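Contents: one structure, followed by commentary.
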Amino acid sequence: MSTNNNIAQARKLVEQLRIEAGIERIKVSKAAADLMSYCEQHARNDPLLVGIPTSENPFKDKKPCIIL
Amino acid sequence: MCDQTFLAITFGPCDSCSENRPLMNLYIKTEPINYCSLCMEIMACQGLASGETLKSLKAESETLRKKLEEERKKLHDVELEKVAEKAEALGELNMKTRRTLKGHGNKVLCMDWCKDKRRIVSSSQEHAVTMPTTWVMACAYAPSGCAIACGGLDNKCSVYPLSLDKDENLAAKKKSVAMHTNYLSGCTFTNSDMQILTSSGDGTSALWDVESGQLLQSFHGHSADVLTLDLAPSETGNTFVSGGSDKKANVWDLRSGQNVQSFDTHDSDINCVKYYPSGDAFASASDDSTCRLFDLRADREVSIYSKDSIMFGAASVDFSLSGRLLFAGYNDYTINVWDVLKGTRVAILFGHENRVSSLRVSPDGTAFCSGSWDNTLRVRQEGRGVGRELKQGGTTLYG
């Protein structure tokens, strides 16, 4: 019965690989450029990158964090 | 493809042998066939196209693998680091610990932020929410903030509604939603409080309806424990990525259950996966002491975050809001902050006295929290209290 098992598995693998081989891909240069432009666009609003004014900082107030 | 097969599992009489068995629900050219696994194997064997043998199938899968590699290679025209040379250099980071939460009496294994950005749910070996189990390994906040889901060695994921009444016994209101055949390693709500996605040591991931506990979709493909999962940002559609002990990271279509992409460049277990904020890429943290970035549209690994001096496994990763910074917690008690584009490390954060087991950036990106085996959670922020200016096209950041 192990032979049958292998056949079903091998079939599944071939199907899976066909799907994966068939997907559309773009060049790394384009992908990288898009990642970079996303970073650039959002950098201004990234508080861990640029910091936040004390007045707007949620962790500056005295309320303790609640652990549930 | 001449025919397609979809698999889901139910229990009942087999169409072929009439015995009551777990059934593989097959659809051959849209016609449903309910066979038990034994009859399915026999059918598969009998249904071999002429000349199709185990050998020929194996040869075909080899050819397909090679084709996959070639296709990916053709598009590998440049490295991310090279393209990123044009990007501005990051100024020095000054991360400060704002809160150290010591409420747990034992190791913190996982944590999650509430969308209101102030509350955190975390779980430890001694479990903050009383459950009949020793280890809670995964927890998640519902999008509404009104419930949490958690589970672990009990092989289940249970949902607890939250109440402002401190005296209320939360355990009494618990609802078991997911049932796996091994430990629960990860859980997350999808876009509403109504569905949860779980990953398990039984090698599968699954989508569940919270109200009825019904299994909506299951995801098979990993050949070992699934250790982590992350849902794609809602704008990018219905997919999620999972990582496992089989060193693979798989991307899945939520609706069809289909494994659409697979990445296997890690050398050891993948402990954590996280989507890049745009949804076009994801990062992974592995026991091979590296973190890597995989681009989904280029279908390949595009960056690796590692150093010879880092020899311990990475347990958890998360991106800052813009995706420029990658925070990673390691088993050597440190947190390394990486420049995602340039591939360099920009900061090492100390403070924890044991492994960093989990790490998440808050929903508004103002802080990140790390949970550790030293029983604490630390919330950290960029230390400059004043907003800084990032000049367009400039080369430095102003303080």
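The values are calculated or read from the model by the stated rules, or taken from the named source; none is laboratory data. Remember, it's a predicted structure, so these values are computed and weren't measured experimentally. Methodologically, a virtual Cβ is constructed for each residue, glycine included, from the backbone with ideal geometry; neighbour enumeration extends over all protein chains shown.
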| request: Filter segment B:257-300 for residues that are charged (D, E, K, R) and either more than 10 Å from every other protein chain (Cβ to nearest Cβ) or farther than 23 Å from B:Arg65 by Cβ (or both) and give the result. | output: B:Asp264, B:Asp267, B:Asp269, B:Lys274, B:Asp280, B:Asp287, B:Asp288, B:Arg292
| message | Taking the condition of being aliphatic (A, V, I, L, M), over 19 Å from B:Val108 (Cβ atoms) and part of a strand (DSSP E or B), how many residues in segment B:302-338 meet it? | response | 5
| remark: Scanning segment A:20-45 residue by residue, those facing chain B (nearest Cβ under 7 Å), more than 30 Å from B:Glu382 (Cβ to Cβ) and either modelled with pLDDT under 90 or in contact with a Cys (Cβ under 6 Å, 6 or more places away or on another chain) (or both) turn out to be A:Glu20, A:Ala21, A:Ile23
| Quick check: is even one residue across segment B:70-88 at the interface with chain A (Cβ under 8 Å from one of its Cβ atoms) and under 30 Å from A:Ile7 (Cα atoms)? | yes
| query | Does B:Gly243 satisfy the criteria of being in a loop (DSSP other than H, G, I, E, B) and of a type in the set (Gly, Ala, Ser)? | reply | no
| Among B:Ala224, B:Ala283, B:Ala298, which is buried (at least 20 other Cβ atoms within 10 Å of the Cβ) and either more than 12 Å from the chain's Cα centre (by Cα) or modelled with pLDDT under 95 (or both)? | B:Ala298
| Name the residues in segment B:232-273 that are over 14 Å from the mean Cα position of the chain (by Cα), of a type in the set (S, T, N, Q) and under 22 Å from B:Asn331 (Cβ atoms), would you? | B:Thr265, B:Ser268
| said: Considering only segment B:262-277, I want to know if a residue exists there that is free of Cβ contacts under 8 Å to residues at least 60 places away in the same chain, touching a His at 6+ places or on another chain (Cβ under 9 Å) and closer than 27 Å to B:Met111 by Cα. | reply: yes
| Residue, farthest from the other protein chains (Cβ to nearest Cβ), within segment B:347-363, restricted to residues that are outside any strand (DSSP E or B) and under 16 Å from B:Tyr275 (Cα atoms) | B:Pro363
| note | The helices (runs of 4 or more DSSP H) lying entirely within segment B:36-137 that contain at least 3 residues which are under 30 Å from B:Ala298 (Cβ atoms) and at pLDDT 85 or above are B:54-74, B:80-83
| message | Given the criteria farther than 22 Å from B:Lys248 by Cβ, out of contact with any helix residue (DSSP H, G or I) (no Cβ under 6 Å at 6 or more places or on another chain) and surrounded by fewer than 24 Cβ atoms within 10 Å (Cβ to Cβ), does B:Ser309 qualify? | response | yes
| Before we move on, is B:Ser268 assigned to a loop (DSSP other than H, G, I, E, B), at pLDDT 95 or above and crowded, with 19+ Cβ neighbours inside 10 Å? | no
